[in-house]
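The values are calculated or read from the model by the stated rules, or taken from the named source; none is laboratory data. As the structure is a prediction and not an experimental result, all values here were calculated from the model. Neighbour counts are summed over all protein chains in view; Cβ atoms, including those assigned to glycine, are modelled from backbone coordinates with ideal geometry.
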Amino acid sequence: MKIIILNIVKFIFYLIGIPGLILFFFELFHSPKIFMTWVITLLAIYMYWVVLIWISKVEIPLNWIHRKISIYQWLDNLTNHDESLIYLLSSQKVKYKTLENLQIVKNTFINLTRGNKETLKLYKAYYKQLSNENSDQIYWTALMTMFSSLVILVLREYVLKKSFEISLVRSSDYFLLIMLIVTTIAYMVSQIQRNKKRFGIITDILEICIEEIQEKEDKNK
């Protein structure tokens, strides 16, 4: 509960606190109107970016919505409540060398499962399914397609067909529009690719662990 409250406070500070302090600083020195227009434009982009970043971080555990769920329900959602594994991977700092990082992940699974081949296979089945899961990818791809089509329509009908005089103040509006469009598309692309690399590499590492244990068993026979 404390972590949730802390995250909410951090979100409010980043979303409102920092822009508020910046605006207060510039207002204190009575900055020119044109300069303030651009400051407000950049702050609007920043606030939009903060909201998108925080949305991507919010993950609601299934048991928050359904206090009691069945295994049947869980199999379709595959919610990860393996806190011991998440803690072990999250608490270790990344190394400079790629092989060292891969070795850390491998050792984490070996130590957590105590080298049990059956447990490693279960982990592999879980992460393989997560890696192949494509419902979110289809959703975000379709959403990005619709958004891109809407953007093209708006630009064609309301911007390109109308002549407008570009001034320093007026150009800030178009800059804001362009940046919001670019930020939104970038966010959608990140959601399409979200966790794909992580789940894929974990699946491959688990396969390596299983193969090594199998080789040791064959040698001992």
Open item on the list: Can you report the number of residues in the range 191-221 which are free of Cβ contacts under 8 Å to residues at least 60 places away in the same chain and either within 28 Å of the chain's Cα centre (by Cα) or under 11 Å from TYR123 (Cβ atoms) (or both)?
Closed with: 5
- [ ] Check whether at least one residue in the range 107-115 is on the phi > 0 side of the Ramachandran plot and at pLDDT below 85, and report yes or no.
- [x] yes
Open item on the list: Here's a check for you: in the range 148-190, which residue that is among the aromatic types (Phe, Trp, Tyr) and modelled with pLDDT of 70 or more is farthest from TYR127 (Cα to Cα)?
Closed with: TYR174
